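The values are calculated or read from the model by the stated rules, or taken from the named source; none is laboratory data. Remember, it's a predicted structure, so these values are computed and weren't measured experimentally. With ideal geometry, Cβ positions are generated from the backbone for all residues, glycine too; neighbour counts draw on all protein chains shown. Ligands, DNA and RNA are excluded from the accessible area calculation, which covers all protein heavy atoms including side chains. Shrake-Rupley method; radii C 1.70, N 1.55, O 1.52, S 1.80 Å.
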Amino acid sequence: MAANNRRMSGKKGAQVGSGGQRRRGLEGKGPTPPAEARKGHKKNRIAGAKAKQATRRPATLKSRGGKGTSEMVVGRNSVVEALREGVPASMLYVQQFIDNDERVREALQLAGERGGIHLMEAPRPELDRMTNGLNHQGLVLQVPPYEYAHPEDLAAAAYDQGQDPLIVALDGVTDPRNLGAVVRSVSAFGGHGVVVPERRAAGMTAGAWKTSAGAAARTPVARATNLTRALEGYKKAGIAIVGLAADGEHTVGDLEALGGPVVIVVGSEGKGLSRLVGETCDYRVRIPMPGGTESLNAGVAAGVVLYEASRRRS
């Protein structure tokens with residue numbers, strides 16, 4: 001009997017003053033809050049990201065992504081073209097006793113007009129050593145390391161301007177000319193920057209600068225240590241990730257997500273998107289090509305989708 005009492009003593013009895021608790025639990029909780037106020041909803045994440053960005057301005061847009069490596073542009077035609085296109089340069093090396101033809105005179109004139117480019121006369125053996133024996137023709141232009149932005153700063157700059165981010169990320173694009181063409185398209189259609197992986201990808205070389213036709217001076221390029229993680233960070237901030245794929249479930253003209261905050265991911269012309277990047281995308285979109293062409297290069301493909309995104313925002 002005592003054992004029974006001990007077992008029963010652990011049971012909870014009626015609580016004093018508990019009447020009405022069940023009735024209150026059945027009462028309604030009022031109208032459903034708007035999507036922006038519901039935790040976990042996409043619009044709530046977007047609103048939270050905008051509020052977070054509004055509290056801080058991107059103080060140094062090109063400070064956290066690291067620097068590239070310096071580069072030498074060699075040869076009279078290449079040096080003149082680089083100077084014409086506004087490729088950043090810190091030093092112009094001119095061979096002693098060089099034949100003063102039209103290209104040499106133009107290079108010296110352009111360097112003098114731009115300012116900030118130091119002129120250095122050097123003997124031919126020194127230029128041979130600097131260029132590892134390349135045919136420099138007596139002219140060598142030193143391009144300083146490019147200062148990359150950080151992926152987060154591109155979205156921050158867009159929100160700071162009161163705009164939805166429009167960003168292009170390149171996955172496996174190794175041709176600097178394609179990078180330059182994408183930078184040019186992003187600038188033309190009001191985008192906020194380009195993201196490239198740190199390894200096995202094209203960087204902002206002199207060739208990319210020339211292809212961008214000056215747009216690289218206005219459009220930041222960010223470098224991501226891990227592109228998949230950078231895209232996941234954008235997703236957490238409420239930005240849609242749209243990958244271009246020949247077998248995509250959506251067509252570029254039908255995807256409403258292009259009208260909001262979006263990152264457009266372009267893969268290489270041969271392999272397309274890598275597996276992990278493709279799995280990270282919220283949408284996979286294709287560009288209809290009735291002409292029968294199998295694929296477009298990165299610059300053209302990005303331009304087509306950027307146009308559609310810009311049209312939806314206007």
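Scan region 213-234 residue by residue and report those that are more than 13 Å from residue 196 (Cβ to Cβ), part of a helix (DSSP H, G or I) and not acidic (Asp, Glu).
To start, the set of residues in region 213-234 that are more than 13 Å from residue 196 (Cβ to Cβ) comprises 213-215, 217-218, 228-229, 232-234.
Retained after the next criterion (residues that are part of a helix (DSSP H, G or I)): 215, 217, 228-229, 232-234.
Answer for region 213-234, where residues must be more than 13 Å from residue 196 (Cβ to Cβ), part of a helix (DSSP H, G or I) and not acidic (Asp, Glu): 215, 217, 228, 229, 233, 234.
Among residues of region 288-305 that are over 23 Å from residue 192 (Cα atoms) and assigned to a loop (DSSP other than H, G, I, E, B), those with a Cβ under 6 angstrom from a residue that is at pLDDT 85 or above and among the polar types (S, T, N, Q), sequence gap 6+ or separate chain, pair up as 288/251.
Conditions (1) open to solvent by less than 20 Å² (accessible area, probe 1.4 Å); (2) over 17 Å from the mean Cα position of the chain (by Cα); (3) over 30 Å from residue 298 (Cα atoms); (4) not aliphatic (A, V, I, L, M), marked per residue:
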site	(1), (2), (3), (4)
101	no, yes, yes, yes
123	no, yes, yes, yes
139	yes, yes, yes, no
154	yes, no, no, no
173	yes, no, no, no
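Within the group 243, 253, 248, 207, which residue is over 13 Å from the mean Cα position of the chain (by Cα), surrounded by 15 or more Cβ atoms within 10 Å (Cβ to Cβ) and assigned to a loop (DSSP other than H, G, I, E, B)? Only one candidate qualifies: 248. Can you work out which of the residues in region 219-240 that are closer than 22 Å to residue 308 by Cβ and without any contact (Cβ under 8 Å) to a residue 60 or more places away in the chain is most open to solvent (accessible area, probe 1.4 Å)? The residue in question is 235. Entry remark, region 75-99: residues being open to solvent by 60 Å² or more (accessible area, probe 1.4 Å) and either not in a helix (DSSP H, G or I) or not acidic (Asp, Glu) (or both) number 6 in total. For the criterion of being without any contact (Cβ under 8 Å) to a residue 60 or more places away in the chain, outside any loop (DSSP other than H, G, I, E, B) and hydrophobic (A, V, I, L, M, F, W, C), residue 195 fails.
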